[in-house]
Every structure is written in structure tokens, then in C-alpha cells.
Amino acid sequence: MGRMTATPARRVLLAAPRGYCAGVDRAVIAVEKALEQYGAPIYVRHEIVHNKYVVQTLEKKGAIFVDVTAEVPEGSIVMFSAHGVAPTVHAEAAERKLATIDATCPLVTKVHKEAVRYAKEDYDILLIGHEGHEEVIGTSGEAPDHITLVDGPDDVENVEVRDESKVVWLSQTTLSVDETMETVGALKNKFPNLLSPPSDDICYATQNRQVAVKKLAEDAELVIVVGSKNSSNSIRMVEVALDAGARAAHLVDFADEIDEAWLEGVTTVGLTSGASVPDVLVDGVLEWLGERGYADVETVKTADESITFSLPKELRRDLRAEAAALSAE
């Protein structure tokens, strides 16, 4: 008789922390509270967070997402997304007599304030980030005459400043920690007097999720990151997983986007999600994997998160009355 070969046990390593960060949780709840308090429609400038499912769910409840402030009817309520906006957007809203709710993540607001402060002190500000990202556009708008975008380490050789003794770096909050520090290193080689911000701008949640995905990559042949393709922090997690040794890593919005071919020869799947992703989507992937023999789920915990942010102060006012009064002026 031929010798029987034991089938290796299939398992899922589930990252903790994963999913919603405090800033995303605050922004999503803010839209829901505004709809509950003031009724539909509530206009939101750009996606409140970068997640397809979240945006679609809020649209069904009465949120209307617009690309520019001019799309919002005069006298309406508009909410600014978690990524933040430039001062010019606040001015546009005032011109259109809009009542506003600012759902900018407090950690992004911190970077905005740093940009304003360093611009007042006449520093050249080197903003590490990705061109076209909403957060970068918002931060750049705080001090457009002082900010130069540095899109990764390869961009450093093109950077020019007025005075090498007055240069500071800031960064987009959702970048890869490793890539950002590589860019900072290259900038410091070029500008030895480069000043660092008071604290690292990359947010705690981005860092924690990247540390967790590195841990998964040590043991998982395949890492699945649940997140949308326009989510910077989710894209970075795929890159971090590959850099940390995972044989393969993929980004999916929903379980039905997983290709069964990815599971070929895989006994351990690492699973995590971006900071804009509700856990219901992760549950869907766990169910999908369970149906294919990956029923053993082990949580890999690398950090505790207890940070919460209070809701935007505007939700404590009667914005409908305020909008009507503005449009009557």
C-alpha cells in the first residue's frame, strides 16, 4: 500500500490592529449623525474616506459626494472629508453660503498647523507625499509659496530650496514608514540642517497596521489586504507585506475579488485591512477562506489602540437654520 501523505493544516493569520482608525471612525459617524440630525441630503466634498463600500453605504442613506464645492447648492450643508482641505475650499464654501462640517482627521489637522507655523517662520517646507492625493493637496494649500512636494526618495535630487539653513520636512500621514524615512535620509544627505517636525507625521494607525502586516509576512505565503485601490495606506500595506517576505500580496475590496489561483500551494494566509475598512468586509473574506478549508483563524496582535476623537463641533449646532440664514443674507 502506498504511504498516505498528511495534508498540511490550512490557517489564517488575522492582523490586530486592522481596519478603522480613530479618524475614519469619527468621519463616518459624523456623516451618519449629520444625516440623522439635519436630514438628507448632506453633501460631502470628495469621498469621506477612501473605501468603496463605506461611500456606497452612506450614499444609500442620503449622502451626496461631490468633487468640487461648486456642485453643492447654495444654502446647503457640506462636510469636508477626513483627508482635509485647503483654506481656499473654506473660502469657496463661505462664498456659496454653505454651512460646513469639518471632518478632517485631527492628525491631518496637526500637519496643517505645522505647515502654517513653519511658513510664518519663513522655512522652506519639504512635504513628503504622493502627488494628487487629497491630503497632500489640502496641506499644500496651507502654505503654497513655502511647500515643495517630494514624491519619494527618487525625487530628492530635483529639490531646490532658498536657504539650506531653514528647511523642514513634513509628510502625508498615510505613507509607508520605511519609504518615508528613506526619503528623509536622502533629504538629510542633501540638506544637513534639515529640521524634523516635533513628532513624526505618519499616523499611529498607519504605523501599527504596517508593523502588523510585517509580522504576518513572516509566516504567511499569501497576504490579503482588504481595502480600496484609491486608499494610500492600503496600497502601502501590500508593498510592506512583499518587502517583508510574503511570497504574494493582493489588495481586494470584497471577498469575491479573490482569485482562487492565489491559494495554490498556500497553507497560511495573512489577512488585514486598511484604516478605512469596516470589519464586515474582513468577515466576508474570512467566510470565503473558511469555505475553502482555511477555517483555523489565529489573531496576531502587535499593538493596542485606544485612541478616540470627539465628533466635529459643528454637529452640536443647528446647521439647517444656519444654512437658511446664510442663504437669506
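The table that follows gives values for the structure above.
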read-out: Heavy-atom SASA rank of ARG316, ARG117, ARG26 (probe 1.4 Å, accessible area, largest first); value: ARG316, ARG117, ARG26
read-out: Distance violations [Cα-Cα > 31 Å] among LYS33/LYS97; LYS60/LYS113; LYS61/LYS215; value: LYS60/LYS113; LYS61/LYS215
read-out: Residue-count net charge about VAL240 - beta-carbon cut-off 14 Å; Lys, Arg +1, Asp, Glu -1; value: -1
read-out: Calculated FRET efficiency for the pair TYR204/LYS229, C-beta based, R₀ 30 Å, to 0.05; value: 0.80
read-out: Whole-percent carbon and sulfur share, accessible surface of the range 177-329, 1.4 Å; value: 49 percent
read-out: Computed [θ] at 222 nm, helices only, for the chain once each DSSP H run of length n ≥ 4 contributes -39500 (n - 2.57); value: -11500 deg cm²/dmol
read-out: Mean Cβ count within 10 Å, highest first, over the residues of peptides 99-108, 57-66, 253-262, 198-207; value: 99-108, 198-207, 57-66, 253-262
read-out: Alpha-carbon centroids, the range 82-133 and the range 44-60: separation in whole Å; value: 21 Å
read-out: Net +/- balance of residues flanking GLY19 in space, Cβ distance below 13 Å, scoring K and R +1, D and E -1; value: -2
read-out: Å² per residue, accessible surface of the range 206-299 at 1.4 Å; value: 39 Å²
read-out: Reachable lysines, given that their alpha-carbon falls under 20 Å from the alpha-carbon of LYS120 and they are not under 8 places away in the same chain; value: LYS110, LYS166
read-out: Potential extension, MET181-TRP262 segment - 0.36 nm per residue separation minus Cα distance; value: 26.0 nm
read-out: Within-11-Å neighbourhood charge of THR139 [Cβ basis; K, R +1; D, E -1]; value: -3
read-out: Nonlocal amide H pairs with LEU149, under 5 Å, H built at 1.01 Å; value: LEU127
read-out: Peptides ranked, highest mean first, by Cβ atoms within 10 Å: ranges 133-143, 291-301; value: 133-143, 291-301
read-out: Whole-number accessible area per residue in Å² for the range 42-83, which is evaluated in the context of all protein chains at 1.4 Å; value: 38 Å²
read-out: With every protein chain in place, the range 49-163: carbon and sulfur % of accessible area (1.4 Å); value: 48 percent
read-out: Peptide ranges 87-96, 43-52 listed from the most packed, as the mean C-beta count within 10 angstrom indicates; value: 43-52, 87-96
read-out: Backbone N within the range 79-96 under 11 Å of label point (7 Å from ARG117 Cα along the Cβ vector); value: none
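The values are calculated or read from the model by the stated rules, or taken from the named source; none is laboratory data. Treat the numbers as computed from the prediction; the structure is a model and nothing was measured. Heads up, the Cβs are rebuilt from the backbone with ideal geometry, glycines too, and the neighbour counts pull from every protein chain shown. Quick note on the areas: whole protein, heavy atoms, side chains included, nothing else; ligands and nucleic acids left out. Shrake-Rupley method; radii C 1.70, N 1.55, O 1.52, S 1.80 Å.
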